[in-house]
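The structure appears right after this line, and notes come after that.
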Amino acid sequence: MTQSTTAATGSSTTTSSALSQTASPSALQTSQGNTTIADGVVQKIAGLAAREVSGVYALGGGAARAFGALRERIPGGTQSIGQGVSVEVGEKQAAVDLDIVTEYGAPISEIARSVRRNVVNAVEGMTGLQVTEVNIAVNDIHLPSDDEGQQQELVRVQ
């Protein structure tokens with residue numbers, strides 16, 4: 001980078017090649033037009049990427065999971081892919097916040113690291129946005145005994 005300073009005024013001048021290096025163009029903003037990506041798109045990508053990681057039982061807090069369970073019981077209803085995921089999307093960058101439930105016995109720090117890596121790779125690879133941060137809140141741990149209670153309820157209703 002070439003930089004010259006004028007002694008009398010103390011001002012500095014930077015060449016245009018240095019400016020072009022700092023203001024790198026985004027793959028989403030070209031001379032042929034701009035591409036914008038909706039928050040919901042990034043939310044779905046991040047949700048699917050987080051669920052792919054071994055040790056993640058579910059996404060969302062207690063109330064969101066309860067509402068999702070009710071929605072699944074309605075014929076034709078499905079669980080929301082974006083449940084437990086909130087995002088902020090700008091022109092070139094995105095930030096992701098996740099609420100997750102882990103499996104009992106799984107190392108939470110390794111799960112968080114794997115979720116972060118998977119979410120960053122999926123979002124950046126599919127959208128071209130730079131992921132600035134992935135914040136993870138572990139809200140609960142799923143115990144094997146939790147599933148036994150659900151199976152007993154199903155057996156009662158034959």
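The values are calculated or read from the model by the stated rules, or taken from the named source; none is laboratory data. This is a predicted model, so every value here is computed, not measured. Cβ atoms come from the backbone with ideal geometry, glycine included; neighbour counts cover every protein chain shown. Each accessible area value is taken on the protein alone, full model and side chains, heavy atoms only, with ligands, DNA and RNA left out. Shrake-Rupley method; radii C 1.70, N 1.55, O 1.52, S 1.80 Å.
Taken over segment 46-61, the criterion of being not in a strand (DSSP E or B) and not small (Gly, Ala, Ser) is satisfied by 48, 51, 52, 53. Find the residue count for segment 109-129, including only residues that are free of Cβ contacts under 8 Å to residues at least 40 places away in the same chain, over 11 Å from residue 49 (Cβ atoms) and either open to solvent by 70 Å² or more (accessible area, probe 1.4 Å) or of a type in the set (Lys, Arg) (or both). Selection size over segment 109-129: 2. For segment 130-158, filtered to residues that are among the hydrophobic types (A, V, I, L, M, F, W, C) and either modelled with pLDDT under 95 or touching a Ser or Thr at 6+ places or on another chain (Cβ under 7 Å) (or both), the residue that is surrounded by the fewest Cβ atoms within 10 Å (Cβ to Cβ) is 157.
Can we say residue 123 is of a type in the set (A, V, I, L, M, F, W, C), modelled with pLDDT of 95 or more, at negative phi and not in a strand (DSSP E or B)? Yes, satisfied.
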